[in-house]
Amino acid sequence: MLQIPINMLSYVKYNEIIPINMPYIVALTGGIASGKTTVANLFAQLGVPIIDTDIIARQVVQPDTVAYNDIIAHFGQQIVLPSHELDRNKLRTVIFNQPAERAWLNNYLHPIILSETQKLIKQQHSPYVIWVVPLLIENQWNVYANRTLIVETAPDIQLKRLQKRDNIDKNLAKNMILSQLTDEDRRRYADDIIINSHQTVDLTRQVFLLHEQYLNLSHKTTL
């Protein structure tokens with residue numbers, strides 16, 4: 001399991017770090033393959049803007065960007081596909097097995113991703129936004145949100161989904177899950193929790209109830 005001292009992770013509601021003129025920000029996080037995208041899509045169906053850091057992370061390393069060139073200069077041409085895009089599978093293998101390289105990549109990309117995130121959020125004209133951040137707590141980015149929503153699912157379902165989604169074996173899937181915080185650790189920072197039992201009706205109901213709650217909260221913060 002990832003060793004992160006919980007008492008060193010700051011939990012702040014309505015933090016002054018959040019720039020002015022921002023919509024109400026609900027940070028959505030959870031373990032790998034817990035169903036974050038599914039939940040985000042349900043909020044999107046209700047008209048809520050979705051700001052996904054995974055998508056931003058892909059955009060900022062497109063070929064010929066500064067970040068793309070810097071990453072290749074650091075890791076070498078072996079992480080480049082014939083299409084000139086980054087070979088994410090090779091890069092993931094490198095950083096998963098070499099903590100120092102993972103730290104380098106995170107330290108390089110995270111400020112860029114956070115800056116792009118805040119630009120996108122400022123452009124939204126809705127009461128609130130859903131900000132999808134897989135490693136929200138690990139990176140201490142919860143301080144940039146008004147509220148933290150965590151998605152959880154049963155461990156056996158999570159393992160099977162990850163194997164199928166990424167086409168990987170069981171051992172690698174287990175190690176990827178263990179490299180993150182546990183659900184118990186994340187709950188210490190949660191304002192709200194969605195249980196993803198993979199029953200569509202139940203999941204939709206949970207999202208709708210939270211949507212009503214977030215509309216009310218966003219209204220109160222603007223008064």
For LYS164, which lysines qualify as cross-link partners when the Cα separation must be under 24 Å and same-chain residues fewer than eight apart are set aside?
-> LYS36, LYS90, LYS174
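Kindly put VAL129, VAL201 in sequence by how many other C-beta atoms sit within 10 Å of each C-beta, fewest to most.
Final ranking by Cβ density, sparse to dense: VAL201, VAL129.
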What's the long-distance tail for the range 65-158, i.e. % of Cα pairs beyond 21 Å?
-> 49
The chain: projected area of the alpha-carbon convex hull, averaged over directions, in nm² | 12.9
Note, ³J(HN,Hα) from phi for the range 49-56, Karplus 6.51, -1.76, 1.60, rounded to Hz, x at Gly and Pro | x, 10, 10, 10, 5, 5, 5, 4
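A short reminder: the numbers here are calculations on the coordinates, not readings from a lab. Bear in mind that the values here come from a model prediction, so they are computed numbers and not experimental data. Glycine also receives a Cβ, built like all others from the backbone with ideal geometry; neighbour counts cover every protein chain displayed.
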